[in-house]
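The structure appears right after this line, and notes come after that.
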Amino acid sequence: MIETNGFQDRDRAFRMLQVLPVLNDRFQDSESFRDRIGRRYALLPMRLISLDSSRYVLTNLAGEYIVLPKQAVRQLVHHELDMTSPAYSELKSRHFVLDGDSSVALDLLAVKYRTKQALLANLTSLFMYVVTLRCDHSCPYCQVSRQSMDRHAYDMKPDVAERAIDLMFRSPSKSIKVEFQGGEPLLNFALIQRIVERVKVRNDSERRDVQFVIATNLAPLTDDMLAYCREHEILISTSLDGPKELHNQNRPRPGGDSHELAEKGIRRVREALGPDRIAALMTTTAASLSRPTEIIDEYVRQGFSCIFLRPLSPYGFAVKTGLVTQYTMEQWLEFYRTALAHIIELNLRGVPFREEYSSLILRKMLTPYATGYVDLQSPAGIGIAGLVFNYDGEIYASDEARMLAETGDRRFRLGSVADDSFEDVMLSDALVDVLSETMTESVPMCADCGFQPYCGSDPVYHYATQGDVVGFKPSSDFCRKNMAVMRHLVHLLEDDERAASVLKSWL
């Protein structure tokens, strides 16, 4: 179940979480003011969630947290907490309480909150170009309807790419990331070259900070492609699911040499572009669950400094083949905890390595800055964080929305490059209506959750799994995963000094 603060008189407690008019009588004499400082404090807005049977996690608007015994929390909300106690001093320094000594606290809290929300002003900076649906792999968990190598009708046409570029530069974002996807995008490398060159020419006048990324399995990689990527500073993203037999099982291709080609490609990219120009993603299948340490060790062996642990997504072939039902979220969470423990132990042994999903959450927990990760944004990051230009010119709110459309459901189609402007797309009912329903600050159960400042909303996921963009939180695996991961990270930060030192080093 999704937990809230655990108080029977929750409504009364949250009514108390309002700023009291403690500054209204600032014109009283100094003696009266000093007397008041010693006996009164006001609660600033906060949320609560149980950490374990004896403690709560409290979070404020800016995402700062503090862990307190349950009895101290009860004293706090009833204005009975000793104002000379260490707990009160920590609450005051982190903007959970306000007293006569801290009239500047509201301004500081506002600055921190504004910093956390700054990404919203950088509207739509990621643009994904699906240059082809053709692919040489037949991964059973693939999220899209891949096509065979000879089906060129599923390649993006140059005129579609040109219109997509025009629309992309209508975004007000100062930074633009162009990501080439598929299928296998290297199978339409000529169009990638055309887009890169058109974008660079356009950017001579636009003066944006532009970055290019190709998401590829590396199998079709040639020396000419590498030379072009070096010349135009293109980054590479690939897939690596673990050791040879596991990777080949998860990602089959003719010849059964997927892992061999990936390993060779990774080495060639590093030699040609540099050691930090390639990143890898893995997907957890049922076959992966018993091998978390082997998967981590394979990433270390391949020279990577991080891994992004992620479960299967409920789209495309993963649904058709039944893979998404082959394990539960609880099983994945056990896999995650075991993998994270191994990663921490590696760090303690002097091997720098981090888990990226944990790092994203830790950044939200421990720094004043937000992340650009779509799944951890409120309102949802679809559309306002990134857009997808499908091979046929259709525009989707996210890569997952495009994957859902490949199965026949176009709920999150926002328009077409042939018919719609950037303004039409961003103000379409298909996007605005969803965004208005995905503010976790007001979504039922999210609004009361102590982990709300760190979480986000995934309307495509909830629509695909529950038929509703908001979703029913008690049975949502999205919520179950995030709450468990966040609770585990807080436990490590609070209760394991050695683990905490590792986690903080990732920031």
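Could you work out how far apart the two model spin labels at Ala341 and Arg230 are, taking each label as a point 7 Å from the Cα in the direction of the beta carbon, and quote it in nm?
So the two model labels end up 4.5 nm from each other.
With r defined as the distance between the Cβ atoms of Lys244 and Asp276 and R0 fixed at 25 Å, what FRET efficiency is calculated, to the nearest 0.05?
Step by step, r from the Cβ atoms, then E = 0.55.
Can you compute the helix-only [θ] at 222 nm over the chain? Use -39500 (n - 2.57) per DSSP H run of at least 4 residues, normalise by all residues, nearest 500 deg cm²/dmol.
Theoretical 222 nm ellipticity from helices: -12000 deg cm²/dmol.
At a 10 Å Cβ-Cβ cut-off, how would you order Tyr129, Tyr327, fewest neighbours first?
Placing the least packed residue first, the sequence is Tyr327, Tyr129.
Would you please classify the overall shape of the stretch 278-375 from the alpha carbon gyration tensor, given that a ≥ b ≥ c denote the square roots of the eigenvalues, rounded means a/c under 1.5, and beyond that prolate means a/b larger than b/c while oblate covers the rest?
It comes out oblate by the Cα gyration axes.
Which ordering of Thr238, Thr285 is given by a fewest-first count of other beta-carbon atoms within 10 Å?
The fewest-first ordering by Cβ neighbours comes to Thr238, Thr285.
Given the C-alpha centroids of the stretch 389-415 and the stretch 174-248, what is the distance between them in whole angstrom?
Each part's Cα centre sits 21 Å from the other's.
Which of His232, His247, His137 comes first, and how do the rest follow, when ranked by fewest Cβ neighbours within 10 Å?
Result, fewest neighbours first: His232, His137, His247.
Name the helices (complete DSSP H segments) of the chain with a Cα length along the long axis of 27 Å or more and a Kyte-Doolittle mean of at least -0.5, or state none.
What comes out of the filter, once short or polar helices are dropped, is 329-348.
Using Cα pairs under 8 angstrom and six or more residues apart, how large is the relative contact order of the stretch 133-246, in percent?
Once divided by the residue count of the stretch 133-246, the mean separation gives 25 percent.
Can you give the extra length, in nm with one decimal, that the chain gains between Ser54 and Ala500 once fully stretched, where that is 0.36 nm per residue apart less the Cα-Cα distance?
158.5 nm
Any idea what the relative contact order of the stretch 214-338 is, in percent, if you count C-alpha pairs under 8 Å spaced at least 6 apart?
24 percent
Nearest 5 is fine: what % of DSSP beta bridges in the chain come out antiparallel, could you say?
If we restrict to bridges inside the chain, about 40 percent are antiparallel.
Could you list, bin by bin from short to long, the percent of Cα-Cα pairs of the chain in 10 Å steps?
That works out to 4, 17, 26, 26, 15, 8, 3, 1, 0, in percent per bin.
Once you put a point 7 Å from the Cα of Lys200 and another 7 Å from the Cα of His152, both along the Cβ direction, what distance in nm separates them?
2.6 nm
Can you compute the charge dipole magnitude of the chain about its Cα centre, using +1 on each Lys and Arg Cβ and -1 on each Asp and Glu Cβ, nothing else charged? Give it in debye, rounded to the nearest 20.
600 debye
For Asp223 and Val104, calculate 0.36 nm times their separation in residues minus their Cα-Cα distance, and state this gained length in nm to one decimal.
36.9 nm
Compute the relative contact order of the chain as a whole-number percentage, counting only Cα pairs closer than 8 Å that sit 6 or more residues apart in sequence.
About 16 percent, as a whole number.
Report, in whole Å, the centroid distance computed from the Cα atoms of the stretch 92-142 and the stretch 472-507.
18 Å
Bear in mind that the values in this text are calculations on the coordinates, not laboratory data. The shown structure was predicted, so the numbers you read here are calculated from the model rather than taken from an experiment. Cβ: placed from backbone, ideal geometry, glycine included. Neighbour counts: every protein chain shown.
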